[in-house]
Amino acid sequence: MKKRIQRYLAYNQERKNKAAAFDSHKAVLLFQVVPYLLHCNYPDLPGYVEGEDCPFGILLFKPEEAVDSDLFKRYFPTSSALSTRTDSPYTEKPCIHSLKTIGSIGTIAQTDVSDCDFWISIRREELGDAGILLLEQKCRGIEEWAMKKGTEIHFFLMDIDETRDNRFESAAEDESAGSALKLLLKDELFRTHILVAGKMLLWWLIPPGLSDKGYQAFAEKLIQSKAENQDFFIDLGYLNIVPKEEIFGACLWQMNKALDSPFKSVLKFAYLELLFRNKEQSVQLFSDKIKYLVTFQDKQPAGQEENLPLPDIDPYLLLAREIVGFYKNDTTTENRQDNLIKQCLFLKTIEGLQSQKRKQKDGGRSAELMKLMDNWQLLPEDPAHFLQFHYWKHKELVHFGTQIHDYLIETYKRLRWIFKTFGEETVVTITQRDIAILGRKLFTFYEKKPNKIEYIRSISPELMRQDDVTFHVTRFSGVDYYYAFQGALDDSTIKTHTDSVIRRETDPVSLMTWLMVNSIIGKKTRLHLTKTFLPLSLVDLQQLRDAMMDFFPRIHFAHIPAENLLKPERIERAFIVVNMAKEPVKGSKTLLSTLVTTNSFGEYFIEHFNTLTQLKNSMRTLLSRHYVSRWNKNLETFVPMQPESGTINTMLSQ
């Protein structure tokens, strides 16, 4: 038993080392500073909650070892928490039993933009409802502080007994997925987690392949033997199968996750198909295979024996190998998606490796990883082409994104059809409420409506975003056309780069809105403008971009509140652009303007007006029906600098 514990602890440290090799500053924040803030409660530290009733503190955590005085001063130079003249910021009754990450941190899937989800295992009966609310308040304070430091984190309070019994009460608007994911969520926790602080999961010491009764008997025997100090372990239950009736809801949930970043969801979606299409009623979970490799090497099933060095036990990479093998052996030709899986895996891998190279933290890991992927036959058919991914034309990016969306949609249709063959006695575990929420999100993304800015089927916002975008204006048959090109071009090069066109519109506001909504441009995108016969300037475009991006928060479909989707849609924000073309103002009858709105479903719409009266009527409607106005701080007006700016602003305020 001691050898199994030692091997697990070495594996856990190896995962931390991978995260540190990727980004040492982020690793320090995640594995040292964040647990420290959860362990203490002091007025001048992030996450402080006033009052003696706030629960905090992590069992077995040693704050002085995690955060020494130098590190403390680096992060909190003005804090007096460690002063000998103040009370201790720590508690004698810590309430957090275990703090773990779940997801891509410490795997090849980690990237510069990877957020970090923390599972906080607590006992609801120890805290009470009021205590849980206070601890949630503390967690929100730490989340906000970490975001200001450039790191996105999320905390999920999970009751130990409920987790052990596979009861997850969170609704579908939360990352924890509610009724759509239960056992699969637990499977992901087991196979991807890093123990940050607190108690180790007893799961690592329970042999794979047992029945529920067998698990209970083994766990009781282990506890009664007192071979190890039970205060060092937390029992979150066992997992050996996932009933297929749960997978349908998981597919619907994963489709929604894919709307934000589809290529990251391909492997998870493929894993669902692997489980769903297996001929057995229940299939061995991948978390068990990770456990075999880490703590039960001596118990691996016959024919599946494999001894891997700890650095090569990467949950993401090994799952990809399993899925590629599944699709490669698939006899139905329409499902031969093994190369698409390899392409997505390769993109995810080089995204992380390139980040390491930028930080000069590679240490030769790139060559080792490429060799390992080659040995496991995980490289795509054209790796050289994907190594040049950041130089792809926009059309290639959209084409690849369309392939991924088509794969997800077709796979969902296949699984939905298979599920219908199970018979009426099969009970779907996802609730009707969550089906309505998740279905609404899919309609939001794919449905076409008049004046709606359509979402392109992109790969991910981060990978679609351009470093440079050049605007170009031409006139044909009396109509002005505004183009957006990839790259930094000028009058002499624009004609030879027709294959770099991203989008064409008949007005600049529509073009800029489409680029913003589809994440083609960001705040750091450099904008360029070729010579033009119009009064439009580069400064106008830059200021318009900045104003729109400051006003419209980026929509994350996974985070759209459920209550928004269960009610009729309403307009939430409106942005008005007046006289972008800088045409002479000859009274209110000829004032050109554009209205951009976003609603509670996450959709964008655009309307154009020719007169001040039309604009004013629309503004009155926004106020009376949707409570959108300057006073409510959800209406913004943009007027580019021009000789008649004062006149226009006066007309708008009357």
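Considering the stretch 167-183, and only residues there that are touching a helix residue (DSSP H, G or I) at 6+ places or on another chain (Cβ under 8 Å) and under 21 Å from Ile96 (Cβ atoms), the residue that is modelled with the highest pLDDT turns out to be Phe168. The strands (runs of 3 or more DSSP E) falling completely within the stretch 546-654 that include 3 or more residues that are surrounded by 13 or more Cβ atoms within 10 Å (Cβ to Cβ) and of a type in the set (Val, Ile, Thr) map to 571-578, 593-599. Here's a check for you: in the stretch 441-478, which residue that is assigned to a strand (DSSP E or B) and touching a residue at least 12 places away in the same chain (Cβ under 8 Å) is surrounded by the most Cβ atoms within 10 Å (Cβ to Cβ)? Selected residue: Val469. Taking the criterion of being at pLDDT 95 or above and over 22 Å from Ser624 (Cα atoms), the residues of the stretch 546-579 that qualify are Asp546, Ala547, Met548, Met549, Asp550. Each residue in the stretch 447-465 was checked for being closer than 23 Å to Gln542 by Cα and at pLDDT 95 or above, and 1 of them qualify. Among the residues of the stretch 27-70, those that are of a type outside the set (A, V, I, L, M, F, W, C) and touching a Gly at 6+ places or on another chain (Cβ under 9 Å) comprise Pro35, His39, Asn41, Pro46, Gly47, Tyr48, Asp53, Pro55. Only a single item in (1) over 16 Å from Leu541 (Cα atoms); (2) in a strand (DSSP E or B) is not met by Tyr481, and it is number (1). Counting the residues of the stretch 1-23 that are part of a loop (DSSP other than H, G, I, E, B) and within 28 Å of the chain's Cα centre (by Cα) gives 1. With a requirement of 3 or more residues that are of a type in the set (D, E, K, R), the helices (runs of 4 or more DSSP H) lying completely within the stretch 58-176 that satisfy it span 69-75, 124-148, 160-164.
Inclusion of Asp491 among residues that are assigned to a loop (DSSP other than H, G, I, E, B) and surrounded by fewer than 17 Cβ atoms within 10 Å (Cβ to Cβ) is warranted. Look at Gly214 and say whether it is of a type in the set (Gly, Ala, Ser) and either in a loop (DSSP other than H, G, I, E, B) or not assigned by TED's automatic domain parsing to the domain that holds Val294 (or both). No: the conditions fail for Gly214.
Checking the structure you have, find out if any residue of the stretch 322-331 is modelled with pLDDT under 80, crowded, with 17+ Cβ neighbours inside 10 Å and within 24 Å of the chain's Cα centre (by Cα). Scanning the stretch 322-331 turns up no residue that is modelled with pLDDT under 80, crowded, with 17+ Cβ neighbours inside 10 Å and within 24 Å of the chain's Cα centre (by Cα). In the stretch 127-164, the residue that is modelled with the highest pLDDT out of those that are more than 24 Å from Leu236 (Cβ to Cβ) and of a type in the set (S, T, N, Q) is Gln137. All of (1) closer than 30 Å to Ala436 by Cβ; (2) in contact with a strand residue (DSSP E or B) (Cβ under 9 Å, 6 or more places away or on another chain); (3) touching a residue at least 40 places away in the same chain (Cβ under 8 Å) hold for Ala562 with one exception: (2).
The values are calculated or read from the model by the stated rules, or taken from the named source; none is laboratory data. The shown structure was predicted, so the numbers you read here are calculated from the model rather than taken from an experiment. Every residue, glycine as well, gets a Cβ built from its backbone with ideal geometry; the counts of neighbours run over all protein chains shown.
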